[in-house]
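Every number here is computed from the coordinates shown, using simple stated rules; none is lab data. Please read all numbers here as calculations on a predicted model, not as lab measurements. Positions of Cβ are generated from backbone atoms using ideal geometry, with glycine treated the same way; all protein chains shown enter the neighbour counts.
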Amino acid sequence: MLLLRSYRRLAASGLFPSYKSAIKGALPLASLLRPGAVAAYATSASPPKLLFRQLFEHESSTYTYLLADLTHPDKPAVLVDPVDKTVDRDITLVKELGLKLIYAMNTHVHADHVTGTGLIKNKIPGVKSVISKASNAKADYVIEHGDKIYFGDLFLEAHATPGHTVGCVTYVTGDGPDQPHPRMAFTGDALLIRGCGRTDFQGGCSRKLYQSVHSQIFTLPKDTLIYPSHDYKGFTVSTVGEEMLYNPRLTKDEETFKGIMEDLKLDYPTLIDVAVPANMVCGLQDVPTKA
């Protein structure tokens, strides 16, 4: 009966034409699978290696990303771009999933919200903060282009993508048979879904941003998943291939892009005078002590 259910399930998935023909001929399961289907079935039946969660903070429309290596005994995890207002939510989720948070990482010094990194470090001893060296911000680890941040057997590779700010980085999952596929790029504000971050403060430069995206993100495989720091239109994910075709700014030539960015005339960010100083020290804030 168990074998019959297996045949039926595989037939429904299209891996071979008919479970009845399999039973009638009493043929081995492997001999009935279409070319390449044995490997596909083995892969689909194996447990996932990467745990991934996309979390949202409404006030600043910020995405926070949780990644963990489920096959490692400790289930080590990282948080990318945590927000101070949702730290308790994020920590609760980490505990519920039985993960060991080891890194709280930022893609850049944010201007529209205070990072949750400092609060997380106070609430979970041993967590290390990560930010780029080019940002001149303080953190336990300051990283440069090409550095790899390991959590278990998985890793994120830092790609320098300045232009929105001087210290922007894009974190990209590893390239290899034991790494997630398709690859995932956490682009911060350098590349948004059908958009990009502004370039008129914090050392921003439209030419640098254009060159960063085209040299560091658009050169990734086209099926690479794009996960930005923000979205204001309800999008959650894109791909490199989609943005190369449909991004209304970055599909233009460099001079046209520069003109678009210079003509945006955006309002001064409401929280910039609070957020930037706090984020330069990875969001560390005064924590009330118990009487």
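A few notes on this one:
- All positions within the range 245-260 that are closer than 14 Å to Leu192 by Cα and in contact with a Leu (Cβ under 9 Å, 6 or more places away or on another chain): Asn247, Leu250, Thr251
- Residues of the range 198-238 classified as without any contact (Cβ under 8 Å) to a residue 60 or more places away in the chain, surrounded by 15 or more Cβ atoms within 10 Å (Cβ to Cβ) and either over 24 Å from Ala275 (Cα atoms) or of a type in the set (Phe, Trp, Tyr) (or both), total: 12
- Single residue of the range 168-193 satisfying the filter (assigned to a strand (DSSP E or B) and touching a helix residue (DSSP H, G or I) at 6+ places or on another chain (Cβ under 7 Å)) that is surrounded by the most Cβ atoms within 10 Å (Cβ to Cβ): Thr187
- Residue within the range 128-138 that is within 15 Å of the chain's Cα centre (by Cα) and farther than 25 Å from Pro73 by Cβ present: yes
- Residue ID - surrounded by the fewest Cβ atoms within 10 Å (Cβ to Cβ), chosen from residues in the range 70-120 that are in a helix (DSSP H, G or I) and of a type in the set (A, V, I, L, M, F, W, C): Leu93
- Number of residues in the range 239-259 that are assigned to a helix (DSSP H, G or I) and either crowded, with 16+ Cβ neighbours inside 10 Å or in contact (Cβ under 8 Å) with a residue 12 or more places away in the chain (or both): the value is 9.
- Among (1) among the acidic types (Asp, Glu); (2) within 22 Å of Phe235 (Cα to Cα); (3) surrounded by fewer than 23 Cβ atoms within 10 Å (Cβ to Cβ) - the single one Asp140 does not satisfy: (2)
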